[in-house]
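Just below is one structure, and these are the notes that go with it.
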Amino acid sequence: MKRGALLALLLLTSCGGATVAPERGPVARAWTYVFRLDGALTRLEATVCFEGDAPAELGPIDRSGRRYLRSADGPLGPDEAPLPREGSVVLTEHLPPNSCIRYVVDLDAAARQRGGISGAYRIGDDLIASTSVWLWAPRRRAPDARVTARFELPEGVVVSPLWARNADRWFLDERAFEFEAYAAFGTFEVRHVAVPGACLHITLLGRPVAMGPDALTQCLSGSATAASMMLGRFPVREAGILAVPTPLSQSSPFGIVGRGTMPTVAILVGEQATPEHLGRAWVPVHEFSHLATPFIARDHAWLSEGIATYYQEVLRARAGLQSAEDAWRNLDDGFERGRAGGTGRSLADESRDMRETAAYRRVYWAGAAIALAADVEIRVRSGGERSLDDALAHVNECCGSWDRPMTGEEALEHLGTIEGGAFSQIARRALGDSGFPRLEATYRRLGLERDPYGLDFGDDEEARALREQIMRAPESLADVPECGPWNARE
């Protein structure tokens, strides 16, 4: 199945952030959750206990979650009663201090929706359920609120790594409520894998794929190591990876990233995929590359998707998962598909309306063209001393824990700190243009030329050196840490 079709099928219900909190009632400063699931994984019951004044309202982290709420009661005790609702929120403003309430979510109803892995999704006896389905929170929260959680699960059932954790306590920060994350519940195996600078917690869902769990883990670890060749380390220190088997592909047709307190990445894996195909697949590298930047507002998808699309080819070449020549040809083929796509409007408009018009190819590959042009410009201006890698390293270091969607303008400002704003200058010229970003000058610098037979690589020594710089692996990578079930936290 083509990527565009999968995006239409699986992304339509994914959420990008929390609903807007009203300015009324006390600000919640500390609370705890206890989550309980039934044996069939069809119902989640949450008990929420507040320290001090109760907030005025409790709401889902995304509006779509309101459809799955079945009840909300409080305060727990002899006088327990259903809590009133107003729109998409439960009213809690009249509760006494230090109250506990309970709410119940219908996971089975969520799994029956056609939201794919971006909502709730059953894999055999296991269940993937985005926090957009089942996590409710005070609408007014202190930026430094102290929030913890526990799961009380049926015997044999576990939850995949989701937030920061120490033993049976989980720790949530503002990102848990601003962004969705992907959790799995079931009887699966979780493997803890070390890659340069990071620990990955890989959850193996459903029935085993044909290649077996060892080969599957090794393939995903190899893709993560390739993604480490952008910053010299994996983009985040810890991530949860959901390996989701599917009959749709012989490789990996789709992935999606969650931006909670700890990033989570769900990746579809073909049930009959071979290590050779999955190990070289672009999808895992693409998704892992997203983690190098904060979540960028969906109206500016050209930026986040363009960077990931460019690096899916570059990083695989750096890691030896494909040849440099194949990487250049794949980029060039993608640019041709991007030129043929879209609705004839400016890139800014195409990006804003992409999910309505399905102009994915135009947006993704136009963004990749901007990334290539900027990478070349930065390298030329700096005499080969700097690159787009450095611009992304700056964004990752300054804003890796950004707790709200970053606007496109904010992202351009941070990316533009390298070599006189090369990235932002090139991007702004392209955003208002109804045509595909012009690459003629970039191709000349790279010694690339299209002919009736495909892409021709010129013999100019300076151009060849520039091409080699882009596709060359870094001299060293970060050390590989020791990894266990969680990172200790007080």
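The values are calculated or read from the model by the stated rules, or taken from the named source; none is laboratory data. All values reported here derive from a predicted model rather than from experimental measurement. All Cβ positions, even for glycine, are placed from backbone atoms using ideal geometry, and neighbour counts span all protein chains on display.
Data table
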| item | result |
| --- | --- |
| Matching residues, region 305-339, being in contact (Cβ under 8 Å) with a residue 60 or more places away in the chain, small (G, A, S) and either under 19 Å from G454 (Cα atoms) or part of a helix (DSSP H, G or I) (or both) | G306, A317, A324, A327, G338 |
| Residue that is in contact (Cβ under 8 Å) with a residue 40 or more places away in the chain, within 23 Å of R165 (Cβ to Cβ), touching a Phe, Trp or Tyr at 6+ places or on another chain (Cβ under 9 Å) and not in a loop (DSSP other than H, G, I, E, B), where the choices are A239, A226 | A239 |
| Residue within region 8-23 that is surrounded by 17 or more Cβ atoms within 10 Å (Cβ to Cβ) and at pLDDT 55 or above present | no |
| Set G232, G206, G186: member being of a type outside the set (K, R), within 29 Å of D390 (Cα to Cα) and out of contact with any His (no Cβ under 6 Å at 6 or more places or on another chain) | G232 |
| Selected residue [crowded, with 23+ Cβ neighbours inside 10 Å, in the same structural domain as S434 (by TED's automatic domain parsing) and either at pLDDT 95 or above or closer than 27 Å to G420 by Cβ (or both)] from V363, V380 | V363 |
| Scope region 140-165; condition among the small types (G, A, S), under 22 Å from the mean Cα position of the chain (by Cα) and at pLDDT 95 or above; matching residues | S160 |
| Pick from region 273-304, criterion assigned to a helix (DSSP H, G or I) and of a type in the set (G, A, S), ranking: farthest from I241 (Cα to Cα) | A301 |
| Subset of region 126-155 that is in contact with a Lys or Arg (Cβ under 6 Å, 6 or more places away or on another chain) and not charged (D, E, K, R) - its residue that is farthest from L205 (Cα to Cα) | A142 |
| Test: E397 is more than 21 Å from the chain's Cα centre (by Cα) and either in contact (Cβ under 8 Å) with a residue 24 or more places away in the chain or surrounded by fewer than 20 Cβ atoms within 10 Å (Cβ to Cβ) (or both) | no |
| Scan of region 200-230 for residues that are over 17 Å from I128 (Cα atoms), buried (at least 23 other Cβ atoms within 10 Å of the Cβ) and within 18 Å of the chain's Cα centre (by Cα), ordered by number | L200, L220, S223, A224, A226, A227, S228, M230 |
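Yes or no, residue by residue, for (1) surrounded by fewer than 23 Cβ atoms within 10 Å (Cβ to Cβ); (2) in contact with a Cys (Cβ under 8 Å, 6 or more places away or on another chain); (3) assigned by TED's automatic domain parsing to the domain that holds R63; (4) assigned to a loop (DSSP other than H, G, I, E, B):
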{"residue": "N98", "(1), (2), (3), (4)": "yes, yes, yes, yes"}
{"residue": "A109", "(1), (2), (3), (4)": "yes, no, yes, no"}
{"residue": "A137", "(1), (2), (3), (4)": "no, no, yes, no"}
{"residue": "A145", "(1), (2), (3), (4)": "yes, no, yes, no"}
{"residue": "P154", "(1), (2), (3), (4)": "yes, no, yes, yes"}
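Quick grid of which residues meet (1) surrounded by fewer than 24 Cβ atoms within 10 Å (Cβ to Cβ); (2) in the same structural domain as L216 (by TED's automatic domain parsing); (3) farther than 23 Å from L204 by Cβ; (4) at pLDDT 95 or above:
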| site | (1), (2), (3), (4) |
| --- | --- |
| V244 | no, yes, no, yes |
| L248 | yes, yes, no, no |
| G260 | no, yes, no, no |
| A266 | no, yes, no, yes |
| P275 | yes, yes, no, yes |
| W302 | no, no, yes, yes |
| I307 | no, no, yes, yes |
| V314 | no, no, yes, yes |
